[in-house]
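Taking it in order: structure first as C-alpha cells, then the write-up.
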Amino acid sequence: MIKIVTDTTCDLLPAMAEEHDITIVPINIHFGTEMYKEGVDMDWDLFYRKIDELGIIPTTSQPSAGEFAEVYRRLAREEGADAIISTHVTGKLSGTYQSAVLASQEVADEVKVYPHDSLAGSAALGLACVEASRMARAGKSAEEIVARLDEIKSRVNVLFVMQNLEYPRKSGRVGGLKAALGSVLNLKPIVSLEDGLLDIAQSVRTRKKSLERLLDIAEERVGTTAPIDMGVIHARAPEAGEEMLARVQERFNCREPYLVELCASLAVHFGPGMIGLGFYEV
C-alpha cells in the first residue's frame with residue numbers, strides 16, 4: 001500500500017485531505033519563544049489575533065527529521081504502508097524537504113520512503129498530492145507516481161498578488177523577492193514561483209489591475225481550453241477569493257477548482273489580503 005505525505009503548506013481543504021487519505025505534517029510557527037504546530041494548536045483566527053495582540057510577525061520552521069520518521073513509522077505499522085511518497089514545499093525556500101530526506105534514511109530498514117521536492121507550495125502542492133493519491137488508489141507503482149509528480153513539477157504555476165508588502169519585506173524566507181520589492185514602491189507586484197523561487201512577474205499600479213493581470217498571465221501560460229487543475233488562494237479575503245474563483249470557472253477549463261485560505265505558515269511571509277492561483281495543465 002502506498003501512502004501520500006505532505007506538509008501544511010499544501011493548502012488542502014480538510015475534506016479533500018480526508019477523502020484522498022493524505023497525511024499532513026505540521027509546520028512550526030513561532031511567536032517569540034512560543035511555538036505552535038500549524039493545524040494542531042494554531043489556526044487562522046489565533047494566528048491573526050496574536051499578530052494583532054503582539055504587534056509582531058511570527059517566524060516559521062520545518063518539522064524535524066524525527067517528526068517525519070515518527071509519521072513514516074506509524075503509517076507502516078498501523079496502516080500497512082509499504083511505500084510512502086512524501087512531497088513537500090519547495091526546498092529552495094524551506095528545509096522541510098531536507099527533513100523528509102533525513103527521515104527517509106532513518107527509517108530505510110522499515111519502510112521505503114520517496115522524498116519529493118515539489119518546487120511549489122500552497123494549492124499547487126495540494127493538487128499534486130491529490131493526483132498522487134488518485135494514482136496510488138488506481139494501483140500505480142511508487143515510481144510511476146513520482147514520475148508523474150516530476151512531470152507536474154516541470155509545469156506547475158503559482159501566481160499571487162499581495163496587499164501588505166511589509167510581510168515579505170520582514171520575512172527571511174522569500175529569497176530574492178525581498179530585494180526586488182524595493183524597486184516596486186507604490187506598485188502592486190504580481191509574484192510568480194519560478195523553479196522553486198519567488199520572483200516578480202510584473203507590477204501594476206492598482207489592486208484591481210493586478211488581479212486582472214493575474215488572470216491574464218495564467219491564460220498566457222495554460223490557455224483557456226486545456227484541462228487544468230487549479231486552486232484559488234486567499235488570506236483573510238474571502239469575498240475577493242470567491243470572486244476570483246467565479247472568474248476562474250468562467251475563463252478556464254478547470255477539473256475541480258476550489259477556494260482555500262492561505263495557511264498561516266505561508267501567510268507569515270505574504271500577509272492578509274493576498275490572492276493567488278496554484279495550477280498546472282493536466
Rounding to the nearest 10 and keeping the result within 0 to 90°, find how far the Cα-based axis of helix 65-79 lies from the longest principal axis of the chain. 60
Taking the chain as the reference, fit the longest principal axis to its C-alpha atoms, fit the long axis of helix 44-54 to the helix C-alpha atoms, and give the angle between the two in degrees, 0 to 90, nearest 10. 60
Scalar couplings 3J(HN,Hα) for segment 55-61 by Karplus 6.51 cos²θ - 1.76 cosθ + 1.60 (θ = phi - 60°), nearest whole Hz, x for Gly and Pro, are x, 10, 9, x, 10, 10, 8
For His116, enumerate residues with amide H under 5 Å from its amide H, sequence gap 5+ or separate chain, H modeled in the peptide plane. Ser86, Thr87, His88
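Where the only charges are on Cβ atoms (+1 Lys, Arg; -1 Asp, Glu), what is the dipole of the chain about its Cα centre, to the nearest 20 debye? Working shown, then result.
Numbers: 30 positive and 42 negative charges, 192 e Å.
Dipole about the Cα centre, nearest 20: 920 debye.
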List the extent of the Cα atoms of segment 157-281 along each of their three principal axes, largest first, rounded to whole Å. 38, 27, 25
If you find the alpha carbon centre of segment 21-80 and of segment 201-270, how far apart are they in angstrom? 26
In degrees, nearest 10, the alpha-carbon axis of helix 122-137 is tilted away from the dominant principal axis of the alpha carbons of the chain by 30
Total charge dipole magnitude, segment 20-129, about the Cα centre, Cβ charges on Lys, Arg, Asp, Glu only, Debye to nearest 20: 280
Let me know the shape class of the chain, please: from the alpha-carbon gyration tensor, a ≥ b ≥ c as square roots of the eigenvalues, rounded when a/c is under 1.5, otherwise prolate if a/b is greater than b/c, or oblate. oblate
For Asp7, enumerate residues with amide H under 5 Å from its amide H, sequence gap 5+ or separate chain, H modeled in the peptide plane. Val25, Val89
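Go ahead and run the numbers for FRET between Glu219 and Ala108, Cβ-Cβ distance against an R0 of 41 Å, rounding to 0.05.
On the way: r = 45 Å, r/R0 = 1.09.
Once the sixth-power term is evaluated, E becomes 0.35.
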Quick query: amide H of Ala83 versus all other amide H atoms, modeled in the peptide plane; which residues come in under 5 Å with a sequence gap of 5 or more or a different chain? Lys3
When we measure straight from the Cα of Lys170, which lysines land under 27 angstrom away, once same-chain ones fewer than 8 places off are left out? Lys37, Lys50, Lys92, Lys178, Lys188, Lys208, Lys209
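For the chain, what is the calculated [θ] at 222 nm in deg cm²/dmol (nearest 500), taking -39500 (n - 2.57) for each run of four or more DSSP H residues and dividing by its residue count? The partial results should precede the final answer.
Working: 11 runs with 118 residues, N = 282.
Roughly -12500 deg cm²/dmol at 222 nm, from the helical runs in the chain.
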Cβ charges +1 (Lys, Arg) and -1 (Asp, Glu), total dipole of segment 157-281, debye: 600
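Bear in mind these aren't lab numbers, they're just calculated from the coordinates by the rules spelled out. Just so you know, these numbers come straight off a predicted model, no measurement behind them. No Cβ is skipped: glycine too gets one built from the backbone with ideal geometry, and neighbour counts run over all protein chains shown.
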